[in-house]
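Just below is one structure, and these are the notes that go with it.
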Amino acid sequence: MNAAQLKPQYQFEPMQMGDLDVVMQIEPAIYSHPWTRGNFSDSLKSGYPAYVLWCNKEIIGYAVMMMVLDEAHLLNLSIAKQHQKQGWGHLLLAHMIGVAQSEQAANMFLEVRQSNVSAIALYERVGFNEMSIRRNYYPAHHGREDAVLMGLAL
């Protein structure tokens, strides 16, 4: 086997309704309070930019973003558990930043659970900065959890 065969083949494709069966296998496996099929379906019906990341003919990640005037709001960026910590999140985030720029966004914003230190580290490596804390933003197993609001100037 040569090196070219070892390199994963990946591509980004616009998310389709037909992708939701796979997305709905990934989502509850990585989040304590996952998005529902309806959340994804509504996002697609609303025309939000949404992409799946294919690797070797398998969906391993996805992202959904909402555009409001010149702002991009990253609503969901997820990588399947078995593919995390391999650089796929960074690759998907870079793709979504490119999509936001092509939509003429001046800034990108997101909320992330305060306890999700690996995601916060990823966002900081790309240049996102903490803007504020949104108290009790996310549901949690025992009450609510704060969100870190982060922003990136594009």
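Read-outs: derived from the displayed coordinates by stated rules, not from any lab. What you see is a predicted model, and the numbers here were worked out from it, not measured in a lab. FYI the Cβ positions are ideal-geometry reconstructions off the backbone, even for glycines, and counts take in every protein chain you see.
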| query | Quick one: is Ile30 under 23 Å from Leu122 (Cβ atoms), in contact with a Phe, Trp or Tyr (Cβ under 9 Å, 6 or more places away or on another chain) and among the β-branched types (Val, Ile, Thr)? | reply | no
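Okay, residues lined up against (1) surrounded by fewer than 17 Cβ atoms within 10 Å (Cβ to Cβ); (2) over 19 Å from the mean Cα position of the chain (by Cα); (3) closer than 17 Å to Gln84 by Cα:
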position: Ala121; (1), (2), (3): yes, no, yes
position: Phe128; (1), (2), (3): no, no, no
position: Asn136; (1), (2), (3): yes, yes, no
position: His141; (1), (2), (3): yes, yes, no
position: Met150; (1), (2), (3): no, no, no
| task | Output the residues belonging to the stretch 85-114 that are exposed (fewer than 13 other Cβ atoms within 10 Å of the Cβ) and farther than 15 Å from Val68 by Cα. | result | Lys85, Gly87, Ala94, Gly98
| said: closer than 25 Å to Pro139 by Cα and either exposed (fewer than 15 other Cβ atoms within 10 Å of the Cβ) or among the aliphatic types (A, V, I, L, M) (or both): is that true of Asp70 in this structure? | reply: no
| request: Could you grab the pairs with beta carbons closer than 6 Å, sequence gap of 6+ or different chains, first residue in the stretch 115-130 and farther than 13 Å from Ala153 by Cα, second one outside any loop (DSSP other than H, G, I, E, B)? | output: Ala119/Val112; Ile120/Val112; Leu122/Gly89
